[in-house]
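Single-structure report; data block below.
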Amino acid sequence: MNYKIILIFIVLFFSCKKKEQSSVVVIGHGGNGLEFEGSIYHGNSKEAMDFTFANPNADGVELDLRMAADGSLWLSHDETLETETKSTGCVGDKNEEELAGIKYNSLQNEKLAKLTDIISFQTSDKSIFVDVKHANTCQNNIQEVATYLAVLDEWKQTISNSNKRIYIILNTVDWTEPFILAGWQVLYSSDDSAVRNQLTNDYPSIKGFVCKNSLCSKIQVNEIKSKGKEIYLYEVRSPKSLKEVREKNPTGVMSDDVQGAILEFK
Amino acid sequence: MKFLIGVLFLFSLSLNAQEKDFSIIPNKFSLISSFQNEDIFISLASSCNIKEWLAIELRYGVGTRRTFFQKSLFSKIDLVLKTDVLKKEFWVLGPSVQFSIMRLSPRLFSPIQLYSSAEIGYNFALGNKLKMSQSSYLGYRKTRFANVSKRYLYLGYAIELGLCYEL
């Protein structure tokens, strides 16, 4: 008899009317989450990208992109390899042969991913947010924007509907104009509303902005949207922060808890 | 509905065994918390010795993060086989094998992600009638999204703490 009561309770609890669906777009931060204990795969691995792309309820992925010494493009959040992998040195100092065999320090032992190896990007309808890392901190220099644009353009040709699906995230003002002129959809990463306002004035065709959830208020989100710009929030991991994002109602969320974001917004 | 009926049927077998003509009589009931990749699960378990050296445990649990903080039922059913290799007056230690299925459902009967796993580990229990237990498991899990055929195989872990009462 007791289990019948428990069953009735469970049915009532979960049968209650669900909250309304939200228009917030769900993007997997680093694929399926960065530094999140619930992620199955390491952030920025090919497996993480494929996994979220296969999720019918996810809208896309965000990835961190770095250029190797030979101009090949690799997914890596950190410039230095020893923080997350079994190797040492910097991505920017190594070539493709050296980077190809490097594995993450993770349970699944994933390899460092090269951008062009992620085949699932090519024919899907999901969005790809490319966070372009422009600096080589080991050499203390900046990459050449023209070289970056050329290599990215080559990759873009392999992606269906790329003009609509690919977003470039920048955090250096100097690269904003070249990328916009080259026809990319550009989002600028800044937590400072003054910087965002300036960029909106200087580059009217900028697509929008990316901001940390804890540093971007509801008022600021509404201000950005009122100017016709998109706004994506990141550093979102807990159920509490997902509820905060729901309140703010940005264009999208780059969530480290992808399935949690899907449960909240879909 | 079929899923829940199946769960209740399995439970009623173990909890009401004394009233039916089964040879399985549960002699232990446990409350277990399991820290694993997907969530922190709280489970209720009943177990019995099918042989003197082999215990079988059936558990039903829910993932706390998804179920209570996101109101999406993340349920888990485990079947655990244990044997005590080292048996002392107040503690026991032995290997253990666990088979699980998990189901994430934002609406009670509409799953969005399904998991199954097979893991091997150990079980350590301390106490007499009332025991504290600690188990750890490592093994393979398979997951797929509902309505998508592709399955993903990955290594999964579970670290468990439990409280068990022996009849």
Tally, over region A:24-40, of residues that are in contact with a strand residue (DSSP E or B) (Cβ under 9 Å, 6 or more places away or on another chain), away from chain B (no Cβ under 13 Å) and either surrounded by fewer than 24 Cβ atoms within 10 Å (Cβ to Cβ) or among the polar types (S, T, N, Q) (or both): 3
Complete set of residues in region B:24-45 that are farther than 10 Å from B:Ile159 by Cα, at pLDDT 95 or above and among the polar types (S, T, N, Q): B:Ser30, B:Ser43
Wholly enclosed helices (runs of 4 or more DSSP H) of region A:180-260 bearing at least 2 residues modelled with pLDDT of 95 or more and in contact with an Asp or Glu (Cβ under 7 Å, 6 or more places away or on another chain): A:239-248
Selection from region A:41-84 of residues that are more than 14 Å from chain B (Cβ to nearest Cβ), among the polar types (S, T, N, Q) and closer than 21 Å to A:Tyr232 by Cα: A:Asn44, A:Ser76
Test: B:Arg66 is within 14 Å of chain A (Cβ to nearest Cβ), assigned to a helix (DSSP H, G or I) and not small (Gly, Ala, Ser): yes
One residue from B:Val97, B:Val148 being of a type in the set (Val, Ile, Thr) and modelled with pLDDT under 95: B:Val148
Residue that is farthest from the chain's Cα centre (by Cα) [pool: residues in region B:75-126 that are closer than 13 Å to B:Tyr137 by Cβ and among the β-branched types (Val, Ile, Thr)]: B:Ile120
Residues being free of Cβ contacts under 8 Å to residues at least 12 places away in the same chain and surrounded by fewer than 16 Cβ atoms within 10 Å (Cβ to Cβ) - total across region A:75-115: 7
Region A:152-167 residues that are more than 14 Å from A:Ser72 (Cβ to Cβ) and touching a residue at least 40 places away in the same chain (Cβ under 8 Å), paired with ones that are polar (S, T, N, Q) and surrounded by fewer than 18 Cβ atoms within 10 Å (Cβ to Cβ) (beta carbon under 6 Å, 6 or more apart): A:Thr158/A:Gln122
Candidates A:Trp184, A:Trp175 - the one that is out of contact with any Cys (no Cβ under 6 Å at 6 or more places or on another chain), closer than 26 Å to A:Ile224 by Cβ and without any contact (Cβ under 8 Å) to a residue 40 or more places away in the chain: A:Trp184
Top-ranked residue in region B:33-42 [being buried (at least 21 other Cβ atoms within 10 Å of the Cβ) and either touching a strand residue (DSSP E or B) at 6+ places or on another chain (Cβ under 6 Å) or of a type in the set (Phe, Trp, Tyr) (or both); ranked as nearest to the other protein chains (Cβ to nearest Cβ)]: B:Asp39
Residue that is farthest from the chain's Cα centre (by Cα), among those in region A:218-260 that are small (Gly, Ala, Ser) and buried (at least 23 other Cβ atoms within 10 Å of the Cβ): A:Gly260
Condition check for A:Ala58: surrounded by fewer than 19 Cβ atoms within 10 Å (Cβ to Cβ) and either hydrophobic (A, V, I, L, M, F, W, C) or at pLDDT 95 or above (or both): no
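The values are calculated or read from the model by the stated rules, or taken from the named source; none is laboratory data. Everything numeric in this text was worked out from a predicted model, so none of it was measured. Methodologically, a virtual Cβ is constructed for each residue, glycine included, from the backbone with ideal geometry; neighbour enumeration extends over all protein chains shown.
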